[in-house]
Amino acid sequence: MVPTASSESAISWAGVTPPKRLSDYRPFPFSIPRIELNVVVHQPDSVLVTADLHLEPSDSKAATPLILRGVDLELISILLDGHPLESSSYLLNDEQLEIPSPPTQPFTLTTVSRLDPQANTSLEGLYESGGMLTTQCEAEGFRRITFHPDRPDVLSRYRVRIEADRARFPVLLSNGNEISASALADDASRHEVVWEDPFPKPSYLFALVAGDLREIKDHYSTASGRDVTLRLHVEAGDEPFTAHAMASLKRSMAWDESVYGLEYDLDEFNTVAVRHFNMGAMENKSLNIFNSKLVLADAESATDGELERIESVVGHEYFHNWSGNRITCRDWFQLSLKEGLTVFRDQCFTADLHSEPLKRIEDAAMLRNTQFREDSGPTAHPVKPDSYQAIDNFYTTTIYEKGAELIRMLRTLLGPERFMRGMSLYFKRHDGEAATTEDFVNAIVDGAGADGQPLGFDVEQFRLWYHQAGTPHVTVKSHWDGEAGRLSLTLQQSTPPTPGQERKQPLVIPVLWSVLQANEGAGEERLFVLDQETQTVVLEGLSPAAQPPVVSLFRRFSAPVTWASGQALDDLFALFAGDNDAFARWDAGQQLWKRLILPRAAGTPESELESRMLDALGQLLAVDGEKDPAVLATLLAFPGPAELESLQKEADPPALERATCELRELLGSQLAPLLTSRLDGVASSLDQVWPAGQGERQLTGLIWSWLAAAGDSGARSDAAQAVEGPSMTLARAGLRALQPIDCDERDQALRSFHDRWQERPVIFDTWFSLEASTPRADALERVAALLDHPRYDPMAPNSVRAVLGGLVGNPRVFHALDGSGYQFMAEQIIAVDQRNAITASRLAKVFSRWRTYGSERQAAVKRALSTLASADLSTNTREVVTLMEA
Ligand code: B3K
Ligand code: ZN
């Protein structure tokens, strides 16, 4: 029996994990310039890992204890410079290995550990998926492979030998370049492959794959002439569905060269598709691992939205090679350094390839419905948190999407050219380092300010964005002097309190704005930097007029804030009809939709406003109205449920769902002739190949949903028929249109989808989600039955999320007043948590809005939360539940 290490773990065993704090950061007292790993796969349930860590103490005078992390590892042997260590020389517990008095000179520590990938259901570390062995190390999975500090500021060069049975695991991959591959001299049934990665990297970027995979090979020639071999590895039979991902990768490589001047730095780039994966994809150095649903796609089996998403995720992971891998994070508090920046980069990539204005609207809508929701609930946290219990709970929309918004604001404040000079300096200055978000901001302002011009804003104040949680709110009051042609706007900002942060300071908020004057169209776009609590901006020289001009605010969604300007309905209709900024135009429409939906949900429809909206829509839909089908479909889309809920006094998701159904019915019946003629107008473009035709398909789906709601039998049958057709986009649009309606076409469409796709798990998850989100009297029993469906795979987070996420998207069932939906969800989360803490703790966030519900629902969620709290939960899920209950 080995003695137990003195550590925080003793406390965590008692069920209370102490938080980690940013202020406690200390550099690791050793460097590990080189690591050799020998991974011998005996069986999928028995893998032997020998690790040689070449350690160099920072202090050569006094011995510093060496603490290495290790979880679910069976330590077989431990040697120091080749000599076995006495058991009295180290301490071992469930979480770490400690050598209290290691040498003060460089030394090699060798550990041999056995692991069982088959028993590893957490999908972190080394695990089995469909017969293949694969890894996920970010954030703290490497400690499940071997003993190691497992922190991002320890960078090493890795050499990895993998040995396995040749027939069962013909493909053996790791990071870097393949150095050699051969059969074993003494056993031809086994083979070995050696990989070497010349770039020092943190352990979270380590990856290894062993399996029977099919390879799709291509090439990319970099700007400087390096020929890079690109390989995609998929399960047999999936080869035909890889062209889109491969083309996306090549587009990403070209984009990073042309926009950032950043080239790929190795001779090969591998991507592997894995069915069982906790998130979308992972940027391991030169060995990206993807959730198979983000690789396998063509127009028949994926929607336009999915194709765009795949392209952007392929881009995102590829862009990480520089923003994440070459420059990594000093510690996990800096997570947004790589994630916010890489999201910003992938957003720009999509905007450049497709439509900049529509991408901006898509991102703004997403931020409002996810990040703003997070910001106003119990799990609100800053882009740079100062403490956490489980880092996996911090892969959030705040770190990712709000983080990207901070970078976008820097670009808006500095202008694109100066901003890009800052970016170049960042990549040059910190290449090969583990950096902080402060380093990033410093590089941006140093690079931008190299022209000697003032920055135009207070950088120190800007940094508050990283530390202050919550969505700022801006109130705008305008005063118009019609005789003088002078407009004054008074802006006032405030940020609501968030857990642990009561008082907030004013932030630097870039406000892009302009005015529209009658008969003069939109004026020049201006930037106003709001950096005090209250400020007034005055615009002189406008044409004198009795009527104040229409103000277009936060154009291009220039800051991640909410605002209220008390704009008159006339102004909103004017902006909706023709603002020259697509975001501001869409936003005016969103405000109008909100003013229609919320009263309907409260049982008091605004009939006068509804008929004004019908007129405005009539103009948009007319032949001489909005020509671009994608723009039209975007303008006609309702605000998301989360945003609507946040505007209700007492959030009532079923009432909102009813209101949107009623509204669709009204719109479909009142605008039928115009809608039908628009359908006819786009019909001939529906079969164009993505990205062509996507606007037409989007508009068709939207019109189906309005007409089907209004009882149009032609639209219902076209929607149902689409499930049999060649376009997944139209099939899913048809299903979405029919889903809220209890009709034969809906049942027929769901059956066809089931029968057509049941052999393709990636697509069949959609059926699970559709089934779970279809409103039916017996929906909860059906959801429970889905969990026993022969094709439901409880080990695949995709399936779990399809069913349980589908249930959440079924408001009447999930939010049933008797609490049955909440209770069911709590029990499922407990079950999922037993095998996969990361997936469970994410699911637990479905309860985050409970304090905004009415008293009956609040009481029901409280019961569900106490069921959860009394279970034996992982640290991850416990952290979320505790925050929720606080
Ligand atoms: N960096 C990964 C996310 C890892 C999540 C770990 N729980 C994918 C990405 O953001 O690119
Ligand atoms: Zn990322």
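The values are calculated or read from the model by the stated rules, or taken from the named source; none is laboratory data. Keep in mind that this is a model prediction, so the values were computed, not measured. For neighbour counting, all protein chains shown are included, and Cβ atoms are generated from backbone atoms with ideal geometry for every residue, glycine included. To get the accessible areas, we keep the full protein, side chains included, count just its heavy atoms, and leave off ligands, DNA and RNA. Shrake-Rupley method; radii C 1.70, N 1.55, O 1.52, S 1.80 Å.
Quick notes on this structure:
- Across all directions, the average projected area of the convex hull around the alpha carbons of the range 328-467 is 8.8 nm².
- For the pair the range 651-689 and the range 589-630, the centres of their Cα atoms are 12 angstrom apart.
- Size descriptors for the range 774-874 (Cα atoms only): Rg and Dmax, in that order, 13.0, 39 Å.
- ³J(HN,Hα) computed for each position of the range 543-551 - Karplus, 6.51 cos²θ - 1.76 cosθ + 1.60, integer Hz, glycine/proline x: 5, x, 6, 5, 7, x, x, 8, 9
- Estimated [θ] at 222 nm from DSSP helical runs (n ≥ 4, -39500 (n - 2.57)) normalised by residues in the chain, nearest 500: -11500 deg cm²/dmol
- Residue separation of residue 58 and residue 224 scaled by 0.36 nm, minus their Cα-Cα distance, works out to 55.9 nm of gained length.
- Counted residue by residue at 0.36 nm each, then reduced by the alpha carbon distance between them, the extension gain from residue 518 to residue 622 reaches 35.2 nm.
- Ligands, DNA and RNA left out, the 1.4 Å accessible surface of the range 757-811 is 57% carbon and sulfur atoms.
- Exposure ranking of 594, 293, 20 by accessible area [1.4 Å probe, largest first]: 293, 20, 594
- Accessible surface calculations at 1.4 Å, restricted to protein heavy atoms, place the range 28-212 at 37 Å² per residue.
- Among the GluC sites (Glu not before Pro) in the range 694-787, those placed in a DSSP loop whose Cβ has at most 15 other Cβ atoms within 10 Å are 759.
- Whole-Å semi-axes of the ellipsoid equivalent to the range 586-649 (Cα gyration tensor, √5λ, descending): 23, 15, 7
- Per the Kirkwood formula applied to alpha carbons, the chain shows a radius of gyration over Rh ratio, Rg over Rh, of 0.97.
- Structural descriptor for the range 32-190: relative contact order 29 percent, calculated from alpha carbon pairs under 8 angstrom and at least 6 residues apart.
- Contour minus Cα-Cα distance for residue 492 and residue 89 (0.36 nm per residue): 138.8 nm
- Stokes-Einstein translational diffusion, the range 28-212 - Kirkwood Rh over all Cα pairs, 0.890 mPa s, 25 °C, in µm²/s: 147
- Nearest-10 value in Å² for the accessible area of residue 439, using the 1.4 Å probe: 40
- Förster radius 41 Å - calculated FRET efficiency between residue 607 and residue 21, Cβ distance, rounded to 0.05: 0.15
- Here r is the Cβ-Cβ distance between residue 866 and residue 594 and R0 is 35 Å; the resulting FRET efficiency, rounded to 0.05, is 0.50.
- Net charge, residue 434 excluded, C-beta distance under 12 Å - Lys, Arg +1, Asp, Glu -1: 0
- FRET efficiency, 1/(1 + (r/R0)^6) with R0 51 Å, evaluated for residue 450 and residue 167 via beta carbons: 0.30
- Share of pairwise Cα-Cα distances greater than 17 Å in the range 237-292 is 46 percent (whole percent).
- Trypsin sites (Lys or Arg not before Pro) within the range 24-104, DSSP loop, no more than 16 other Cβ atoms inside 10 Å: 61
- Near-label residues of the range 677-719 by backbone N, under 20 Å of a point 7 Å along Cα→Cβ of residue 247: 685-698
- For residue 565, the solvent-accessible surface with a 1.4 Å probe is about 30 Å², rounded to the nearest 10.
- Normalised per residue, the accessible area of the range 541-589 is 35 Å², obtained with a 1.4 Å probe and no contribution from ligands, DNA or RNA.
- Residue-wise HN-Hα couplings along the range 680-693, as the Karplus relation 6.51 cos²θ - 1.76 cosθ + 1.60 with θ = phi - 60° gives them from phi, are 4, x, 9, 3, 6, 9, 5, 8, 5, 8, 3, x, 5, x Hz; Gly and Pro carry x.
- Value of relative contact order over the range 328-467, rounded to a whole percent, pairs C-alpha under 8 Å and six or more apart: 33
- Computed about its Cα centre, the charge dipole of the range 764-826 is approximately 140 debye, with only Lys, Arg, Asp and Glu carrying charge at their Cβ.
- Probe 1.4 Å, all protein chains present, accessible-area order of 77, 552, largest first: 77, 552
- Heavy-atom accessible surface of residue 154, to the nearest 10 Å², is about 10 Å², with a 1.4 Å probe and all protein chains retained.
- Gyration tensor (alpha-carbon) shape descriptor, the range 238-378, a/c threshold 1.5: rounded
- Across the chain, the mean sequence separation of Cα contacts (distance under 8 Å, 6 or more residues apart), normalised by length, yields a relative contact order of 8 percent.
- Local electrostatic count at residue 872 - Lys and Arg +1, Asp and Glu -1, tallied over other residues with Cβ under 11 Å: 0
- For the set 799, 705, 646, the ranking by accessible area, highest first and with no ligand, DNA or RNA atoms included, is 646, 705, 799 under a 1.4 Å probe.
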